[in-house]
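Accompanying notes for the structure given below.
Just so it is clear, none of the values below were taken in a lab; they were calculated from the coordinates. Here the structure is a predicted model, which means the values were calculated and not measured. Positions of Cβ are generated from backbone atoms using ideal geometry, with glycine treated the same way; all protein chains shown enter the neighbour counts.
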Amino acid sequence: MPPGTDKDHCVVGVDFGGTKILAGVFGEKYECVGRARVSTKADRGVDEVIGRIARCVRESVDECDLNLKEIKAVGIGAPGAVDSESGHVIFAPNLDWNDVPLKNELEKQLDVPVFLENDCNVCTLGVYQIELKAKPRDVVGIFLGTGIGGGLIVEGNLYSGFNRTAGEIGHMVLEVGGPKCACGNKGCFEALASRTAIFRRIKQAVKEGQKTILTEMLGPELEDLRSGDLRKAIKRGDKFVEHVIEEAAEYTGIAVANVINVFNPEVIAIGGGLMEQLEDEMLAIIVETAMDYAMPGTAKGIEIIATKLGDDAGITGAAVLARRHVQ
Ligand SMILES: [Zn+2]
């Protein structure tokens with residue numbers, strides 16, 4: 001453990017995703033002093049996955065020569081609809097989970113208080129606490145990745161809504177009759193601008209004969225396509241990929257304008273794997289489109305920024321969640 005870290009204040013933040021679980025031990029100033037990673041293996045069932053989360057927490061704690069008794073609390077961000085009061089994951093389609101009492105099960109295994117939230121809420125909390133030094137009152141986080149999620153901070157606290165599911169920005173409908181979304185609807189923001197939607201568009205166009213540098217880079221099936229490949233293709237002058245990314249950025253800008261009109265936050269922070277790779281290509285278009293579409297006068301002074309927390313947003317935000325509950 002680094003000198004200066006007070007072990008009386010350590011909490012663990014867990015980023016629980018469909019493919020991997022990350023855990024980080026954080027000291028008082030949110031310095032990460034130990035971390036661990038395991039794969040989720042959702043196909044092995046609920047009990048196995050919960051056991052793997054507990055193992056990941058134990059490994060991260062062991063990594064910095066602490067033991068669980070010294071940990072004040074564990075915060076965890078889970079993918080899907082979460083009831084943070086009961087600590088149940090209500091519905092997580094990527095994991096095939098329905099109504100799982102995750103908080104109670106983990107508390108049984110770890111004997112440490114556990115606090116649960118939706119993953120994008122947790123990331124928004126992390127951005128708010130760590131990145132936004134001016135502590136604006138109202139903040140919206142939007143995360144562009146495999147799907148699109150969001151989180152709302154009102155007066156410095158997470159806003160969860162009547163059924164505690166607020167912040168589903170990815171399922172705002174932007175194109176009536178548009179492409180089908182994983183939620184069953186059509187034309188959701190997520191079905192138009194997530195990494196999944198972008199990859200689907202590119203692969204479909206290639207099938208229909210579209211020329212792109214991506215097939216030179218990855219072969220005709222574009223098998224291992226990643227967000228970083230899109231950036232490389234654009235840098236090499238691929239106009240088709242540039243156009244697809246511009247469109248995704250425009251949809252994101254329209255979503256941001258809707259958020260500004262409805263919610264009028266001081267800051268809108270955009271993150272996620274897609275944004276991390278393509279900030280240079282997307283952010284300016286997002287801002288310009290948002291300003292075009294927001295009602296005149298409503299966007300004045302609002303900051304639209306890219307978050308810098310990257311892959312650590314999940315564990316950091318979960319640590320913030322844990323600390324907020326024990327302080
Ligand atoms: Zn949807």
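Below is a table of values for the structure above.
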read-out: Shape box of region 177-280 [Cα atoms, principal axes, largest first, Å]; value: 44, 31, 20
read-out: Relative contact order, percent, region 39-103 [alpha-carbon distance under 8 Å, six or more residues apart]; value: 23 percent
read-out: Cross-link reach list, lysines versus Lys41, counting only Cα pairs under 26 Å and skipping chain neighbours closer than eight places; value: Lys20, Lys103, Lys108
read-out: Gap separating the Cα centres of region 272-327 and region 98-149, nearest whole Å; value: 15 Å
read-out: Highest to lowest packing among 282-292, 170-180, scored as the average C-beta count within 10 Å; value: 282-292, 170-180
read-out: Peptides ranked, highest mean first, by Cβ atoms within 10 Å: ranges 83-90, 214-221, 113-120; value: 113-120, 83-90, 214-221
read-out: For region 60-207, the fraction of alpha-carbon pairs in successive 5 Å shells from zero, as %; value: 2, 9, 15, 17, 17, 15, 12, 7, 4, 2, 1, 0
read-out: Three principal axis lengths of region 36-86 [C-alpha, angstrom, descending]; value: 32, 27, 15
read-out: Candidate aspartates and glutamates for bridging to Lys180, where Cα separation is under 14 Å - those fewer than 8 sequence places away on the same chain excluded; value: Glu190
read-out: Ellipticity estimate at 222 nm from DSSP helix runs (n ≥ 4, -39,500 (n - 2.57)) divided over the chain, nearest 500; value: -12500 deg cm²/dmol
read-out: For the chain, built as a Gaussian network whose Cα springs stay under 10 Å, the top-fluctuating residue of Asp224, Asp96, Asp47; value: Asp224
read-out: When the chain is reduced to its Cα atoms, the Kirkwood hydrodynamic radius in Å; value: 20.4 Å
read-out: Equivalent ellipsoid semi-axes, region 257-327, via Cα gyration tensor eigenvalues times 5, rooted, Å; value: 27, 18, 7
read-out: Over region 129-186, equivalent-ellipsoid semi-axes from the Cα gyration tensor in Å; value: 27, 13, 9
read-out: Modelled FRET efficiency - R0 30 Å, Asn264 with Glu28, Cβ distances, 0.05 increments; value: 0.30
read-out: Relative packing of 260-266, 194-200, which averages over residues the other C-beta atoms within 10 Å, highest first; value: 194-200, 260-266
read-out: Nitroxide proxy distance, nm - points 7 Å out along Cα→Cβ at Glu70 and Val176; value: 6.1 nm
read-out: Over the chain, relative contact order from alpha-carbon pairs under 8 Å, at least 6 apart, %; value: 19 percent
read-out: Inter-label distance, nm, simple model (7 Å from Cα along the C-beta direction), Asn185/Gln210; value: 2.5 nm
